[in-house]
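To keep things clear, I will list the structure first and then write my remarks on it.
The values are calculated or read from the model by the stated rules, or taken from the named source; none is laboratory data. The model shown is predicted, which means the values in this text are computed figures rather than measured ones. With ideal geometry, Cβ positions are generated from the backbone for all residues, glycine too; neighbour counts draw on all protein chains shown. Ligands, DNA and RNA are excluded from the accessible area calculation, which covers all protein heavy atoms including side chains. Shrake-Rupley method; radii C 1.70, N 1.55, O 1.52, S 1.80 Å.
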Amino acid sequence: MINIEVVFWYIFLIDSLIYNWIAWFGKDWYETALPEIASILPMNRIYGVLYIGLMTWIGSALIRVGILMQS
């Protein structure tokens, strides 16, 4: 049985990977394709690194608790 924490972690992990991809490789596309959103929510590489670091930390905590990788 999959816990709700694992589902949310995977959703946020995918979101953090997409955010980092846009922040590192697609910032010009993001600013030209979505100028209204880009003015409110700018892409920043530092926040991307912090976001993926937070997801790694939460994932390791879920592994230590035994929720994420059940054997």
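Annotations
- Cβ-defined net charge surrounding ALA38, 12 Å radius [Lys, Arg +1; Asp, Glu -1]: -2
- Computed from Cα atoms, the angle from the helix 4-25 axis to the main principal axis of the chain rounds to 30 degrees.
- For the chain, a crude dipole built from +1 on the beta carbon of Lys and Arg and -1 on the beta carbon of Asp and Glu, taken about the Cα centre, is about 260 debye to the nearest 20.
- Extending 7 Å from Cα along the Cβ direction at TRP57 and again at ASP15 yields two label points whose distance is 1.7 nm.
- Here the gap between ARG64 and PHE25, fully extended at 0.36 nm per residue and compared with their Cα-Cα distance, gives a gain of 10.7 nm.
- Using a probe of 1.4 angstrom and keeping all protein chains present, the accessible surface of the chain works out to 78 square angstrom per residue.
- Helix 45-65 vs. the chain, principal-axis angle (Cα, 0 to 90°, nearest 10): 10 degrees
- Kirkwood Rh (inverse of mean 1/r, distinct Cα pairs), the chain, angstrom: 13.4 Å
- Under the criterion of Cα pairs below 8 Å and six or more residues apart, the relative contact order for the chain equals 42 percent.
- Accessible carbon and sulfur surface of the chain relative to its total accessible area, %, 1.4 Å: 72 percent
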